[in-house]
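Worksheet: the structure to be examined is printed underneath.
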Amino acid sequence: MIRLSGVSRTFSGRSGTVEALSGIDLDVAEGEFVAVLGRSGCGKSTLLRLVAGLLPATTGEVRVSGDRVTKPRRDMAMMFQKPALLPWRTVLDNVLLPVQFFGWKRAEHRDRAHELLAMTGLNGFEKRLPHELSGGMQQRVALCRSLIGNPRVMLMDEPFSALDALTREELSGELQRVHMELNTTIVFVTHSIDEAVLLADRVVVLSPRPGRIREILEIKIPRPRTLGRGAHLEDVARCSAELHELLMA
Ligand SMILES: Nc1ncnc2c1ncn2[C@@H]1O[C@H](COP(=O)(O)OP(=O)(O)O)[C@@H](O)[C@H]1O
Ligand SMILES: [Mg+2]
């Protein structure tokens, strides 16, 4: 589904050049949930922007469904740390924003918007304005907005990192449900070991300066995963410890 071959990215500025990523080879299968884990500054956002077609690679290439990525694609949605909702538009109209933007038929997407809002626990909040919602609810709206076009690929850049731990866990649960129901291919960038273990089929560990793939760890814990009662705590602990060592190395 997604293939990066020999990808590197260098930034040049007045203060010299930064090699943000180097020699990245990565395949993401259709329906797979891949987490990209690394410390701040190791090139996670750069990697995601390369896949999104928001930034060209310095060397190598990115392909999605066999086509070389040169600009953003409609079948890929992106989600960031901040929900970036329009404050004067209702929850429903924020979810429908891409519909308006791309000139799709509103009537055809309204029902889907309501469905997505219900699926993420926002039933009854359709007519509210963003400032009337908590941070977690706002991020749920952003999640619905990124799903409204039925994307085949979701690119997520630390989408839950501004939220408190419990809200983060709740949203992780919802994201797993979305992933299981819709079979969307997800690339999820995070600096949180817990989040990577909770969510991913595979965790790509990046080492810094320049960002390279240090290791790819498969997480075989059954879904849906939680951190509470009934969780596979031993497996979680083992995977977390392994990732911790890889990040500290
Ligand atoms: N537009 C840019 N111009 C110059 N340097 C950049 C730019 N974007 C990222 N970098 C540099 O590339 C490196 C990786 O950045 P980034 O991908 O944002 O890391 P992360 O998301 O893992 O924190 C950093 O050293 C950062 O300063
Ligand atoms: Mg980043």
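The values are calculated or read from the model by the stated rules, or taken from the named source; none is laboratory data. The shown structure was predicted, so the numbers you read here are calculated from the model rather than taken from an experiment. Cβ atoms come from the backbone with ideal geometry, glycine included; neighbour counts cover every protein chain shown.
Counting only residues that are within 21 Å of the chain's Cα centre (by Cα) and assigned to a loop (DSSP other than H, G, I, E, B), the range 103-129 holds 3 of them.
The C-beta contact set for the range 150-165 (first residue over 14 Å from residue 77 (Cα atoms), second residue surrounded by fewer than 20 Cβ atoms within 10 Å (Cβ to Cβ) and β-branched (Val, Ile, Thr), distance under 8 angstrom, 6+ apart or interchain) comprises 160/167. Got a number for residues in the range 179-194 being in contact with an Asp or Glu (Cβ under 9 Å, 6 or more places away or on another chain) and either away from ligand 2 (no atom under 15 Å from the Cβ) or assigned to a helix (DSSP H, G or I) (or both)? Counting residues in the range 179-194 that are in contact with an Asp or Glu (Cβ under 9 Å, 6 or more places away or on another chain) and either away from ligand 2 (no atom under 15 Å from the Cβ) or assigned to a helix (DSSP H, G or I) (or both) gives 4.
For the range 18-44: of the residues being surrounded by fewer than 21 Cβ atoms within 10 Å (Cβ to Cβ) and part of a strand (DSSP E or B), which is farthest from ligand 1 (Cβ to nearest atom)? The residue in question is 27. Among the residues of the range 45-58, those identified as surrounded by 14 or more Cβ atoms within 10 Å (Cβ to Cβ), more than 12 Å from residue 2 (Cβ to Cβ) and more than 15 Å from ligand 2 (Cβ to nearest atom) are 57, 58.
Report yes if residue 120 is of a type outside the set (D, E, K, R) and touching a strand residue (DSSP E or B) at 6+ places or on another chain (Cβ under 6 Å), otherwise no. Here the answer is no, as residue 120 does not meet what is asked. Taking into account only those residues within the range 195-219 that are in a loop (DSSP other than H, G, I, E, B) and at pLDDT 95 or above, which is surrounded by the fewest Cβ atoms within 10 Å (Cβ to Cβ)? Applying the filter and picking the extreme gives 201. Given 19, 61, which one is touching a Ser or Thr at 6+ places or on another chain (Cβ under 6 Å), farther than 29 Å from residue 163 by Cβ and free of Cβ contacts under 8 Å to residues at least 60 places away in the same chain? Step by step, each of 19, 61 is checked, and only 61 is touching a Ser or Thr at 6+ places or on another chain (Cβ under 6 Å), farther than 29 Å from residue 163 by Cβ and free of Cβ contacts under 8 Å to residues at least 60 places away in the same chain.
Checking 81, 138 one by one, the residue that is polar (S, T, N, Q) and either assigned to a loop (DSSP other than H, G, I, E, B) or within 16 Å of ligand 2 (Cβ to nearest atom) (or both) is 81 and no other. Return yes when residue 174 is assigned by the TED database to the domain that holds residue 11 and at pLDDT 90 or above and no when it is not. So residue 174 fails the test. For the range 197-222, the set of residues classified as basic (Lys, Arg) and within 18 Å of the chain's Cα centre (by Cα) consists of 202 only. How about the range 59-78: which of its residues are surrounded by fewer than 18 Cβ atoms within 10 Å (Cβ to Cβ) and part of a strand (DSSP E or B)? 59, 60, 61, 63, 67, 68, listed by residue number. The set of residues from the range 190-249 being among the charged types (D, E, K, R), under 19 Å from residue 176 (Cα atoms) and without any contact (Cβ under 8 Å) to a residue 24 or more places away in the chain comprises 218, 220, 229, 235.
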